[in-house]
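Engineer: Once you've had a glance at the structure underneath, I'll fire off some questions.
The values are calculated or read from the model by the stated rules, or taken from the named source; none is laboratory data. Remember, predicted model here, so these are calculated numbers, not experimental data. Neighbour counts are summed over all protein chains in view; Cβ atoms, including those assigned to glycine, are modelled from backbone coordinates with ideal geometry.
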Amino acid sequence: MVIGLGRFGTALARRLEELGYEVLGIDGQMGPVQEIAPHITQAVMLDATNEAALQEADISSFDTAVVAIGDDFEATILVHDLLKQLGVKNVVCRADTNRQREILQRLGANRVVTPVRDSGVWLADELAYPAIINRLPLQNDYSIMETLLPPPLVGKRVGDVPFNSVYELTLLLLKRQEEMIVSPADDVILQPADTLILLGTHQSLTRFSEQR
């Protein structure tokens, strides 16, 4: 469920739908609802600060809700509180300032994102692929991503994994418990708890993260 269908919320909702998820989009204005309706599972106009309206939308059936309201921080706080009371397990909130981020974290938001730093498409991919731990957007669609090792690669030598030729990625760093292995050698054996730091395009990183 995505509450708030501005540019950030719309990009998020459409990307989640592309990834195969059922998406309910909610906004207090009819214009954004009509615009996105053909592209996602369902879109409705309602006041998300109204508990009765949220209950009518059967929000308790959704595992994750993203509060993407961009121009009313008080409403974001209220909607977050209502969602938690109504049993939504994972509530992600948008914050436009560091101060807003701190407040939402103290209130118990499962995650807080900042559109200046986190695009809607990236957030959708991270929600879809929990193995992604973090990523740093760079220029020209390139990013650095921290991700858990995909299970199919466990037990393989680094040199036997076609990071460059097939995945179009560069393996920068391998994290193994407290150890940091920079540019790991070809004979390093990948272990289940390893974390990889990779450089590549958004498309290449997403494709790599799809391996389960």
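Engineer: So, Asp141, is that one outside the structural domain of Glu18 (by TED's automatic domain parsing), over 25 Å from Arg15 (Cα atoms), in contact with a helix residue (DSSP H, G or I) (Cβ under 8 Å, 6 or more places away or on another chain) and touching a residue at least 24 places away in the same chain (Cβ under 8 Å) or not?
Structural biologist: In short, no.
Engineer: What strands (runs of 3 or more DSSP E) completely inside the stretch 104-210 contain at least 2 residues that are modelled with pLDDT of 80 or more?
Structural biologist: Strands (runs of 3 or more DSSP E) meeting the threshold: 111-113, 142-148, 170-176, 179-182, 195-201.
Engineer: Are any residues in the stretch 44-75 among the small types (Gly, Ala, Ser) and assigned to a strand (DSSP E or B), and if so, which ones?
Structural biologist: Across the stretch 44-75, the qualifying residue is only Ala65.
Engineer: Out of all the residues in the stretch 14-36, which are part of a helix (DSSP H, G or I) and surrounded by 16 or more Cβ atoms within 10 Å (Cβ to Cβ)?
Structural biologist: Arg14, Arg15, Leu16, Glu17, Pro32, Val33, Ile36
Engineer: Test Gly6 against the stated conditions and say whether it is crowded, with 17+ Cβ neighbours inside 10 Å and either over 27 Å from Gln203 (Cα atoms) or modelled with pLDDT under 95 (or both).
Structural biologist: Answer is yes for this residue.
Engineer: Right, another one. If Thr76 satisfies all but one of (1) polar (S, T, N, Q); (2) touching a strand residue (DSSP E or B) at 6+ places or on another chain (Cβ under 9 Å); (3) at pLDDT below 95, what's the number of the condition it fails?
Structural biologist: So the condition that Thr76 fails would be (3).
Engineer: To continue, here is another question. Given Met45, Met30, which one is in contact with a Pro (Cβ under 9 Å, 6 or more places away or on another chain), at pLDDT 95 or above and over 30 Å from Arg207 (Cα atoms)?
Structural biologist: Met45
Engineer: Evaluate the stretch 55-64: report whether one residue or more is at pLDDT below 95, under 22 Å from Thr206 (Cα atoms) and either surrounded by 15 or more Cβ atoms within 10 Å (Cβ to Cβ) or in the same structural domain as Tyr142 (by TED's automatic domain parsing) (or both).
Structural biologist: Yes, the conditions are met somewhere in the stretch 55-64.
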